Amino acid sequence: MLVKYTENTKLLPEYVFNQNFVYVKCKSQLLKLDKSDSIHHMSHSQARPELPPLPVSANEEPSEIYKTVMSHSFYPPLMQRTSWTLAVPFKEQDQHRGPSDSIGNNYSLTARDMKLKDLVKVYQPVTISVPRDKASQGLPLASKTSTEPSKKKMKLCIKGKDDATGTPLACKHSSSSNMKNATDSSLTYPESRPMSPEQQMDVMLQQEMEVESKENKPSELDLERYYYYLTNGIRKDMIAPEDEDVMVRIYKLIPKTLLTTPALEPLQVSLRSEKESDYYYSLMKSIVDYILMDPLEKKRLFIKSIPRLFPHRVIRAPVPWHNIYQSVKKWNEEHLHTVNPMMYTLKELWFSEFKDLRFIRTADLLAGKLPLLPHEYQEEIQKHCLDARQVLLSKWIPTCAQLFVTQKERWVHFAPKNDYDSSRNIEEYFASVASFMSLQLRELVIKSLGDLVSFFMIHKDGNDFNEPYQEMDFFIPQLITIKLEVDDPVIVFNPTFDDCWQLIKESFLEIIKNSNGIPKVESILFPDLKGYNMILGTVDPEENLVADFLNQTLEVFNKNQVGPHKYLNVYKKYDDLLDNTAEQDISTFLNDKHDIDDFVTSINSIKKRRNEIASMHITVPLAMFCLDAVLLNHDLCERAQNLKDRLIQYQVDVNRETNTRYKNFREKLGCANDLMANVLAMQVQEIEFGFSESTYMPSGCGTPPVFSA
């Protein structure tokens, strides 16, 4: 058969085919080529040959064969078009293999020439079980028969099948295995295990650098051909479709509101299409990458190298403590009983019924009558603590004990089986239970202490104010009432701030005090048990935790001492009433002679001061504290009233003395007038009766005046 192609004046090669060889005549030269090197199979071209286009004179449409040959001349096929099975690589076409050998050939390059007939057949021995009654009757037993497999020499290197270089195919190692061996031989691993993360990273980087140094970077032509085979090398019908259950599982993860929204329907269609294309693309890429692992396929497809995948670096955390951890974990499971179901039951009971229990109910305090007097505050704190303690003793502990009784199958196996068995397991179990319940009690105490701190933190900004004092600046309810009293010659607080702090500190200690003495659950389960500590643990007053709570409260307490001391400046102008200076001034005033107007002015001044004192605040809100000034104002008013009364009394005494003197004078004057009237009458009588002038003279009236005739 002779095939000729001519184009203009250029003489193209002539191909002559026979059974074994192909003769190529080109420019008066005749070349003898092996059939395997001919382009009758265009997929084995050596340097990407291209057939010339059809002559210009040819007006006929190119045939399908011509189109196929033209396509295969530039892009040799990757997969066979027709085969017994789907997705059969093209490299299997020139091999005489069955479907099973062809499938197995693609798994490993080192075993690509192995066939099923060359493998050693292993026969499993057959064991026949005979009923016991037949054996007892003396019937012959079927002997075990095992056929020894026939030993055949495995043909790893098949003669006559050499590649282009003359090296046996089966004995030739792949480049990947050579690279792996070279990498393993060049790396030096640390002697000790496990390696640190830095060492693991160094090893991985060294491996990547060595692999990268042995591989060439893909050229633009390699990338172009690689992308072509990714997109066109494998038909879609060669790949198994995705399981329908995948979309069902995906839809289960999406909220129904999003699936039923009409506006999102185009987005769903787009995402489904994208998922399907990603599925087929990922499988196509995996198949192409796997086929290109064969160096011969790379050479046939004219792809020298492919892009390297981004390295996946996984670092294993160093666990030198693994064995210790395992042993400790096992010991904990056997002795601490942390995974016992009763622990979970106790936890559920606590969170369902007692999680809101507090020794101090701050909400009730804030909703009650505030501010409280010191003794009222102390009584309220004690009452709250006793109520919480009663709940623990009468409800929590008995309920836990009842759970142990009703669910004893979960722990009774720890009890000794008889009098001689050790009770260590049951003791350890209830010790774990006690520890767990102690933690719950401790949590209750800590939360109660925290709530009490929050109760005082309401006034964390302090009570300092800008003078003059404005009552509306302090509208938050106060907590404790402090009385202002007079301790000559100063104003004092009752109770003092030291006593107030001691009262607040005692309220924290009262919580801890009422949490002590809560019995363990085994005290109810085993009332005859003695010689053990049967009290649950709680918070120690000497712990740093308690000190931190007290320090936070003390900081707020100190900020709230500024306002009460500053408010005492309001009473500075009345210091003369406290140190008796005003009394001395009144005494000095009375020692001098003054007109009645001076007395009136002084009395009105004292009266005005008294009215000012009486109009002052009797309760002074100052954040945490409320000052009670009733006694102080009353005392100052009394002192001012006493000064006023003294001036008035002095004037009254002076007026009384003056009135007495005037009265005495009037009495004497009246006596003299009566005497004169008597004398005149007597004189008239003497004249009339002729008596002498000196006959009648009353005693004690003095010498009567002498009147001239």
Could you work out the local net charge near ASP576, counting Lys and Arg as +1, Asp and Glu as -1, over the other residues with Cβ closer than 11 Å to its Cβ? 0
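Once you list every other residue whose beta carbon is under 13 Å from the beta carbon of SER270, what net charge do they have if Lys and Arg are +1 and Asp and Glu are -1? Kindly include the intermediate steps, with their values, before the conclusion.
Numbers: positive: ARG272, LYS275; negative: GLU265, GLU274, GLU276, ASP278.
Local net charge: -2.
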The stretch 392-438, accessible surface, carbon-and-sulfur percent (1.4 angstrom probe): 53
Kindly flag which residue pairs out of LYS252/LYS347; LYS355/LYS383; LYS275/LYS299; LYS67/LYS117 have an alpha-carbon separation exceeding 30 Å in this structure. LYS252/LYS347; LYS275/LYS299; LYS67/LYS117
Ignoring everything but the protein chains, give the 1.4 Å probe accessible area of ARG424 in square angstrom, nearest 10. 140
Given the protein chains as shown and a 1.4 Å probe, how many square angstrom of SER277 are accessible, to the nearest 10? 60
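For the stretch 251-355, what is the accessible area per residue in Å², given a 1.4 Å probe and the full set of protein chains?
Values: 7580 Å² over 105 residues.
Heavy-atom SASA per residue in the stretch 251-355 reads 72 Å².
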Report LEU439's accessible area, 1.4 Å probe, all protein chains in place, as a number in Å² to the nearest 10. 110
Classify the stretch 196-318: rounded, prolate or oblate, from the alpha-carbon gyration tensor (a ≥ b ≥ c, eigenvalue square roots; a/c under 1.5 rounded; otherwise prolate if a/b is larger than b/c)? oblate
Amide H contacts of LEU372 (H built 1.01 Å from N, under 5 Å, at least 5 apart or other chain): ILE480, THR481
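Among LYS369/LYS572; LYS408/LYS447; LYS369/LYS483, which pairs are too far apart, with a Cα-Cα distance over 23 Å?
On the way: LYS369/LYS572 32 Å; LYS408/LYS447 32 Å; LYS369/LYS483 17 Å.
Beyond 23 Å: LYS369/LYS572; LYS408/LYS447.
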GLN268/ASP387 FRET efficiency (R0 56 Å; Cβ-Cβ; nearest 0.05): 0.40
Could you derive backbone 3J(HN,Hα) for the stretch 436-443 from the dihedral phi with the Karplus parameters 6.51, -1.76 and 1.60 (θ = phi - 60°), listing whole Hz in sequence and x where the residue is Gly or Pro? 5, 5, 5, 5, 5, 5, 5, 4
Output the relative contact order of the stretch 537-645, whole-number percent, from Cα pairs under 8 angstrom with separation of 6+ residues. 29
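Need the full-extension length gain, ASN604 to LEU554, defined as separation in residues times 0.36 nm minus the C-alpha distance. One decimal, nm.
Additional length available on full extension: 13.3 nm.
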Share of carbon and sulfur in the accessible heavy-atom surface of the stretch 584-630 [1.4 Å probe, %]: 49
Quick one: check the C-alpha center-to-center distance for the stretch 224-298 versus the stretch 634-659, whole angstrom. 111
Most to least accessible of ARG389, ARG610, ARG316 (protein chains only, probe 1.4 Å): ARG316, ARG610, ARG389
Rank these residues by their accessible area, most exposed first, probe 1.4 Å: VAL328, VAL88. VAL328, VAL88
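The values are calculated or read from the model by the stated rules, or taken from the named source; none is laboratory data. Bear in mind the structure is a predicted one, so any value in this text is a computation, not a measurement. Cβ sites come from the backbone with ideal geometry, for glycine too, and all protein chains shown count toward neighbours. Each accessible area value is taken on the protein alone, full model and side chains, heavy atoms only, with ligands, DNA and RNA left out. Shrake-Rupley method; radii C 1.70, N 1.55, O 1.52, S 1.80 Å.
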